[in-house]
Amino acid sequence: MPHVIVEYSANLAGAVEIRALLQALHEAAIKTGVFPAGGVRTRAERREEYIIADGRPEAAFVHVMLRIGAGRDAPTKKRAADSVFAVLCDQLKAVQEKRPLAISLEVQELDPVLNLKKNNLHAYLAADKSKATA
């Protein structure tokens, strides 16, 4: 974990390079040192239907959900959230200077009993790393 889920208003098409934003957030999550690379999954969901503030058509939003596994203390979660949020804001700074834009991030801690997963990515990355050093 985490799953980095970016929701954004469709009116940002052309104003935000979503792939670059995803790459920056993905790297930021890994750089926190809180989340292993094999656990990070980053994706975007474009929202076609939305109303923002007073309904102005130029108003836009980007919301990031960090869905993380349970067990980390509050200061660790806050540090990770702050780090990713700083990158998010930096990536969107130029857009926010030109138009109304709401930027937000929330951390959702998943229930350890109800969060089921099966993944071989950690082993795959470890094997790949050992090949590179051989």
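Quick notes
- Within the chain, helices built from complete DSSP H runs that reach 24 Å or longer along their own axis (Cα positions) and carry a mean Kyte-Doolittle hydropathy of 0.0 or higher are 74-96.
- Annotation: the residues 9, 104, sorted from fewest to most other C-beta atoms within 10 Å of their own C-beta, follow the order 104, 9.
- Taken over the Cα atoms of the chain, the convex hull encloses 138 Å³ per residue.
- Under 24 Å of direct C-alpha separation, and excluding same-chain neighbours fewer than eight residues apart, residue 117 reaches these lysines: 31, 77, 129.
- Segment residue 30-residue 73, extension gain: residue separation times 0.36 nm, minus the distance between their alpha carbons: 13.7 nm
- Placing a label point 7 Å from the Cα of residue 126 along the Cα-to-Cβ direction, the residues of the range 35-49 whose backbone N falls under 16 Å of that point are 36-40.
A short reminder: the numbers here are calculations on the coordinates, not readings from a lab. Since the structure is predicted, the reported quantities are computational estimates derived from the model, not experimental observations. Here Cβ is always computed from backbone atoms with ideal geometry, including for glycine, and neighbour counts include all displayed protein chains.
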